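Asks: This structure is in structure tokens; I'll ask about it shortly.
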Amino acid sequence: MADLHRIVIVGGGAGGIELATRLGDMLGRKNRASVTLIDHSRTHLWKPLLHEFAAGSMDLDYHALDYLAQARWHHFRFQLGEMDGLDRGRKVVRVAPTFDEDGRELIPRREIPYDTLVMAVGSLSNDFGTPGAREHAISLDTAAQAERFHTQLVNACIRANSQHEPLAPEQLKVAIIGAGATGVELAAELHKTTRELVAYGLDKINPEKDVRLTIIEAAPRILPAVPERVSKAAAELLSGLNVRVLTGERVTEVRRDGVVTAGGARIPAELTVWAAGIKAPEFLRDIGGLETNRLNQLVVKQTLDTTRDPDIFALGDCACCPWPERGRDVPPTAQAAHQQASHLARMLPRRLARKPLKPWSYRDFGSLVSFGEYSTIGSLMGALLGGTIFIEGLFARFMYVSLYRMHVYALHGFAKMAFDTLAKLITRRTEPRVKLH
């Protein structure tokens, strides 16, 4: 094992876990290389689903994938811990100590050597230093944050249903800062799940009058990264759901009972979600002398290796990769991470064989925004389509669900993907449609 080429992947998000699985099957199983995945969590969840976990329309436990089990099934090693340093000279990754729930040290600080390092640590919400954001707003970057929001949502409904005095101005109000895909999809899911939640005995709450959802967006329109036609259709659907949308409003302060905007608007809210902007983790800033941008992303070439070290690669949200065809950087999306992982799964075996790396080219297949059971809208792009087409309804929903199924297929193969899909269809008919705790 010591003589094998050591491939270390830091981050078990969509791109990282897919790459570790494929390399484990191709190289680890045949003892052609040692593949190690490092992540601070014990389980993997597909990040685009976090808004559904937060709203309560999906159960975290049902969709979580245990890294240790995946490692055993697919011939790679898993190391629990959080990277906090890099020594490029000695070619080691520094991993911080891990503690249990009682604060006792579980795994001491350690160093993990590598020959090839792949950074796939994803991104975090960027609150831009807005006063009160860290104290009073919840981001949806992790499963723990999604679960925390859902618990607070259920508690807010139970509290409002049991009190005798009138509701305070902020009670049962939710403010969502940022009208990108996460914010818009969360609003639609909350509209559905709060109505299902109060149907389980919380009869003092009128969801039409008492539960209010507000989206605040600094840009002139919602979903600023997608075509304008998709944005307009989404705005009309939100209006039909009675979701209040404020565009051209920048949040300047988050308070315990609401938010304040630059225009002087005060939006009361018992729960505030921050879904505006992203940045890579802070520890990446100039780590090991590597080139980073203002969002802490590692700057990479089209071959996905970093500009200052050919032994270190980056993919997904933590990578700043050029997109020459558009004259800008590749957007931080799940489809980009998936494509980059697939590309590196082909290129790293070539690297072991001392063959030159081929450049990666991003293929934009369009954007899809889910409104849960209400609708799905978006655009598809590609040469076969003759450009861009607008889609909505059942076909768009099928395409949206297929994105997650493709991720499950990449991790488990066709059989498990098919059985999981069937199991979900069965359980949805025998269990509550919303998580009640």
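Computed from the coordinates by the stated procedures, all read-outs in this text should not be read as laboratory data. Keep in mind that what you see is a predicted model, and the values were worked out from it rather than measured. Glycine also receives a Cβ, built like all others from the backbone with ideal geometry; neighbour counts cover every protein chain displayed.
Asks: Picking from GLY28, GLY13, GLY413, which is most flexible by a Gaussian network model of the chain using Cα springs under 10 Å?
Replies: GLY413
Asks: What order, most packed first, do the peptides 29-42, 93-106 have when packing is the mean number of other Cβ atoms within 10 Å of each residue?
Replies: Ranked from most to least packed, the peptides come out as 29-42, 93-106.
Asks: Which net charge results for the neighbourhood of ALA262, defined as the other residues with beta-carbon distances under 14 angstrom from its beta-carbon, given Lys and Arg at +1 and Asp and Glu at -1?
Replies: Local charge sum for ALA262: -1.
Asks: Between the alpha-carbon centers of the range 320-384 and the range 104-130, tell me the distance in whole angstrom.
Replies: If we compute the Cα centre of each part, the gap is 23 Å.
Asks: Simple spin-label model, 7 Å along Cα-to-Cβ: GLN302 to ARG42 in nm?
Replies: Between GLN302 and ARG42, the label points sit 4.5 nm apart.
Asks: I'd like the Karplus ³J(HN,Hα) series for the range 7-24: coefficients 6.51, -1.76, 1.60, θ = phi - 60°, whole numbers in Hz, and an x wherever there's a Gly or Pro.
Replies: 9, 10, 10, 9, x, x, x, 4, x, x, 5, 5, 5, 4, 5, 5, 5, x
Asks: So, one more: Relative to a virtual label point 7 Å from the Cα of ARG110 in the Cα→beta-carbon direction, which members of the range 45-80 show backbone nitrogen distances below 16 Å?
Replies: Output list for this probe position: 67-69, 71-72, 76-80.
Asks: Going 7 Å from the Cα of TYR374 along its beta-carbon direction, which residues of the range 173-199 have the amide nitrogen within less than 15 Å of the resulting point?
Replies: Hits in the range 173-199 for TYR374 at 15 Å: 174-176, 179-196.
Asks: Let me ask you something else. Going by alpha carbons, how many degrees (0 to 90, nearest 10) lie between the helix axis of 143-162 and the longest principal axis of the chain?
Replies: For helix 143-162, the angle is close to 10 degrees.
Asks: Moving on to the next point. Normalised by the residues of the range 133-278, what does the relative contact order come to in percent, with Cα pairs under 8 Å and at least six apart?
Replies: 35 percent
Asks: While we're looking at this one, here's another question. Let me have the 222 nm mean residue ellipticity of the chain computed from DSSP H runs of 4+ only, each contributing -39500 (n - 2.57), with the sum over all residues rounded to the nearest 500.
Replies: -9500 deg cm²/dmol
Asks: Do the alpha carbons of any pairs in LYS47/LYS204; LYS173/LYS279; LYS279/LYS301; LYS47/LYS91 sit beyond 24 Å of each other, and which pairs?
Replies: Exceeds cut-off: LYS47/LYS204; LYS173/LYS279; LYS47/LYS91.
Asks: Nearest 10 degrees, 0 to 90: what angle lies between the long axis of helix 181-198 and the longest principal axis of the chain (Cα atoms)?
Replies: The angle comes out near 50 degrees.
Asks: Could you run the Karplus curve 6.51 cos²θ - 1.76 cosθ + 1.60 with θ = phi - 60° over the range 38-52 and give me ³J(HN,Hα) per residue in whole Hz, x for Gly and Pro?
Replies: So the Karplus estimates, Gly and Pro as x, are 10, 8, 7, 9, 8, 10, 9, 9, 6, 4, x, 8, 4, 5, 6 Hz.
Asks: Return the equivalent ellipsoid semi-axes of the chain as a descending list in whole Å, where each equals the square root of 5 times an eigenvalue of the C-alpha gyration tensor.
Replies: 38, 24, 23
Asks: Nearest 0.05, what FRET efficiency do ARG266 and TYR200 give at R0 = 45 Å with Cβ-Cβ as r?
Replies: Approximately 0.90, to the nearest 0.05.
Asks: A follow-up question, please. I want the local charge near GLY85. Using Cβ-Cβ distances under 14 Å, sum +1 for each Lys or Arg and -1 for each Asp or Glu among the other residues.
Replies: For residues surrounding GLY85, the net value is +1.
Asks: Would you mind calculating the relative contact order of the chain from Cα pairs under 8 angstrom and at least 6 residues apart, reporting the percent as a whole number?
Replies: Result for the chain is 17 percent.
Asks: Most exposed first by the Cβ proxy, i.e. fewest other Cβ within 10 Å, how do ILE377, ILE287 rank?
Replies: ILE287, ILE377
Asks: Among ILE158, ILE391, ILE222, which comes first, second and so on when ranked by fewest other beta-carbon atoms within 10 Å?
Replies: ILE158, ILE391, ILE222
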